[in-house]
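The values are calculated or read from the model by the stated rules, or taken from the named source; none is laboratory data. All values reported here derive from a predicted model rather than from experimental measurement. Quick reminder, even Gly has a Cβ in these numbers, built from the backbone with ideal geometry, and neighbours come from all protein chains shown. All accessible areas refer to the heavy atoms of the entire protein, side chains included, with ligands and DNA or RNA removed. Shrake-Rupley method; radii C 1.70, N 1.55, O 1.52, S 1.80 Å.
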Amino acid sequence: MAASSDRVQTARIFLANGNPDQAVRTAEKLLKKQNLSRDEQRELLRLIADAEYMRTTHQHFQQVDIAIQSIDALLHEFPALPQAAQYRWNRAWLWQQSGNNKQAMTTLREIIAKDQQPGNLRRAWLMMARIHIGQRHYAYARSDLLQYGLQVNEKSREQAVGMAWMAIVDKGEGRSDASYTNLATVFRHWPAVVSDQPLLYSTYIKLLRERNHNDQALHLSEDFIRRYIDTELAADIRLIHADIISEKETNIPAAIKEYGILADSQAETGVGRRAFMRKLMLENRHESQRDKLLPVMVALKKVADSNQLSKLEDEAMLDLARLWTRISSPVHNNTGHAPALEAYAHAAISTDQRIAKAANSEGARWLQSKLNTQLEAGHWLETVTIWRKYPQLQPAAGKAPDLEFSVAHAMRMLMLFDAAEDMLQNLYARNKTSIRGQKIMVEMAKLWMDRQDNDGVKKIMSWINRNPLSIYRPEMILIIARIRMNQKQPELARQMLSGVSADALATESRASFWLTKAEIAAAMKEWHTAARNWKQYRKSSGADQVQGLLNEADALFTASEFAEAYKQFMQIPDERRDAAWQYYVGRCQLNTGAVKQGTERLQGLAADKGAGRFATLAKLELANQQAGSLLGAKP
């Protein structure tokens, strides 16, 4: 018996010396002998299982079948082996490390069913959770970790391990805040639990970066790179490291170098493409010349086109938008092709919150700049087109009330009354207690006027009665007067304006006030009053000077103030001197003694085939003049 034990010990020595191949060969030879005891048989089978486990571990789990077969043979022959639980665990570990998760799960369920010791249950449930995490079956992983938690003591290292892996589940299910809280707690009390597992460590670093805890993220990323440079997760952390150091101008050369390394070594991966784009943007961060930026933009467009419907495309589009803003101008009036806005709008709906937030913020500023340019030029159609085309970039409700008000005004000018009314109602609801709210109601009243609401006057009067001390009360009364004029009720319009003076109105409303007063006077055939009002109109900000001058001259002409009317007509610029102008000037000349000049002017007009009805009127006036001459009347 002693000799037999010595033989087993000889085989064991080979294994202890790190020679599993010789240990297996020796043990297999001994197993073929007929005089082995049951104990020797067990020890030899154990030795083979241990040796094969060592050998496949050294081979990086490339061929695990032989090792698993040796464990199966041992457990089949000696099911009550005291170390059976450990061998079952070794088998599960081999399956899991070789990538055969299905067999690993089968073995783990066997462990749970047969081995009820807390330690065995803990590691089985934890491995099942990690497998499910790798498969992104987070609900199953959560269930596994809850079972794991039943086997640990409170405030123990094992509990911290469970919390850390539960944080990975939370992250996978989109609960980043919960994930960060758990990992931060574990790292504070048990830092090694996190830092000893690359997945836990890298996730924690990413969460720190997402929350802009850049100092700690930088420190930990450098530690991670030192420890796990050869793992698959290292590229992501190196990218984060480069991103953080790139935020300081002095570190940009180092960041460009790091991006370059990643772009070359990870060229076919998402990390490599991100590094490539960020390197390009850093290298051209101060460039604004179109010809030098175009090759960069072409490269970014290629990345976007080859990675559609991904975060890579979103980042490329954000970079493109930023470059377009450098070589474009918001003054550009081509609303059908606004590449910066189009790129920002695409990036603004990214599932990557950093990209979406940056695109929303920068895109909103660019949108507002372009809209302000169009509004200042009175380009209402372009304004509304841009606003509607890029809803992603519109400021959040209440963030840019002045811009929203201006867009609503543009919609009113285009007679898009329903859309304008919706915007104004929402604006008023948020600002009804402020001066801005009163101004919004003035715009709403103008909308009711333009739309010719039957109850427009009633609605305006109702608001005035509720807000008797409003500084915009005169403007609202002016709008009612204009509505009355539109309804052919000049007397009522005059009554409304009887208590309103121009000085009580805002500067931008005074032109409308004098225009309304002039129209009322004209409607009531008070031509001298109309002429005076048109003169006041021309002095007002925003008035149409030429039209006001024409209207004043017409009123004077109708009032038979031909000399004064002639002076006003002669101030009309050449480009506005049409057939009507020729006719009235000719009439003024006839009535102020310049008969020859007036006659010649009317004769020329009568012969003008393009003068329309004014040619006919000129002929009639010449006929009247000739008839008067024949009758001896004074010209």
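Hey, with R₀ at 51 Å, roughly what FRET efficiency would ASN454 and ASN214 work out to, going by the Cβ-Cβ distance, to 0.05? Intermediate values should be presented prior to the final figure.
On the way: r = 63 Å, r/R0 = 1.23.
After rounding, the FRET efficiency stands at 0.25.
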* Asked: Hey, can you rank 595-606, 42-53 by average C-beta count inside 10 Å, highest first?
  -> 42-53, 595-606
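Ranked from highest to lowest mean number of other Cβ atoms within 10 Å per residue, what is the order of the peptides 506-513, 201-208?
On the way: 506-513: 17.9, 201-208: 23.9.
Most protected by this proxy first, the peptides run 201-208, 506-513.
Which of LYS370/LYS539; LYS439/LYS517; LYS32/LYS114; LYS432/LYS488; LYS535/LYS619 have a Cα-Cα distance over 28 Å? Walk me through the intermediate numbers first.
On the way: LYS370/LYS539 31 Å; LYS439/LYS517 22 Å; LYS32/LYS114 32 Å; LYS432/LYS488 33 Å; LYS535/LYS619 32 Å.
Over 28 Å apart, Cα to Cα: LYS370/LYS539; LYS32/LYS114; LYS432/LYS488; LYS535/LYS619.
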* Asked: What's the FRET efficiency of LEU233 with ASP402 using the Cβ-Cβ distance as r and R₀ = 41 Å, to the nearest 0.05?
  -> 0.25
* Structure fact -> For segment 516-528, Karplus-derived ³J(HN,Hα) couplings (6.51, -1.76, 1.60; θ = phi - 60°; whole Hz; x for glycine and proline) come out as 5, 4, 5, 5, 4, 4, 5, 5, 9, 6, 9, 5, 5
* To do: Could you calculate the FRET efficiency of GLN353 with LYS432 from 1/(1 + (r/R0)^6), where r is the beta carbon distance between them and R0 is 30 Å, rounded to 0.05?
  => 0.30
* Could you list the residues of segment 307-324 with an amide nitrogen less than 18 Å from a label point located 7 Å from the Cα of GLU249 in the Cα-to-C-beta direction? => none
* To do: List the GluC sites (Glu not before Pro) within segment 187-275 that fall in a DSSP loop (any state other than H, G, I, E or B) and whose Cβ has at most 16 other Cβ atoms within 10 Å.
  => GLU232, GLU247, GLU268
* Starting at the first residue of segment 258-275, write each ³J(HN,Hα) from the Karplus equation 6.51 cos²θ - 1.76 cosθ + 1.60 with θ = phi - 60°, in whole Hz, x for Gly and Pro. => 5, 4, x, 4, 5, 4, 7, 7, 10, 4, 9, 10, x, 4, x, 5, 5, 4
* Structure fact -> Computed ³J(HN,Hα) along segment 452-465: with the Karplus parameters 6.51/-1.76/1.60, θ = phi - 60°, integer Hz and x for glycine or proline, the list is 6, 4, 4, 9, x, 4, 4, 5, 5, 4, 4, 5, 4, 5
* Asked: Roughly what angle does helix 2-16 make with the longest principal axis of the chain, taking Cα atoms, 0 to 90 degrees, to the nearest 10?
  -> 30 degrees
* 0 to 90° range, to nearest 10: angle between helix 473-486 axis and the chain longest Cα axis -> 60 degrees
* Accessible surface, per residue, of segment 1-115 when the full set of protein chains is kept, probe 1.4 Å, Å² -> 55 Å²
* Asked: In the P(r) worked out for segment 389-456, what percent of Cα pairs fall beyond 17 Å?
  -> 38 percent
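Give, in nm to one decimal, the length gained when the segment between GLU77 and VAL298 is fully stretched (0.36 nm per residue of separation minus the Cα-Cα distance).
Numbers: separation 221, 0.36 × 221 = 79.56 nm, distance 6.80 nm.
Full-extension gain reported as 72.8 nm.
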* To do: Run the quick spin-label model on ARG326 and MET570: label points 7 Å from Cα toward the beta carbon, then report their separation in nm to one decimal.
  => 6.1 nm
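Where does the chain land at 222 nm, in deg cm²/dmol rounded to the nearest 500, when only DSSP H runs of n ≥ 4 count, each adding -39500 (n - 2.57), divided by all residues?
That calculation yields -23500 deg cm²/dmol at 222 nm.
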* To do: Based on a Kirkwood Rh over C-alpha pairs, give the Stokes-Einstein translational diffusion coefficient of segment 572-623 at 37 °C and viscosity 0.692 mPa s in µm²/s.
  => 308 µm²/s
* Structure fact -> Going through LYS155/LYS206; LYS171/LYS357; LYS399/LYS458 one by one, the pairs whose alpha carbons sit over 22 Å apart turn out to be LYS155/LYS206; LYS399/LYS458
* Asked: Per the 1.4 Å probe, what fraction of the accessible area of the chain, in percent, lies on carbon and sulfur atoms?
  -> 50 percent
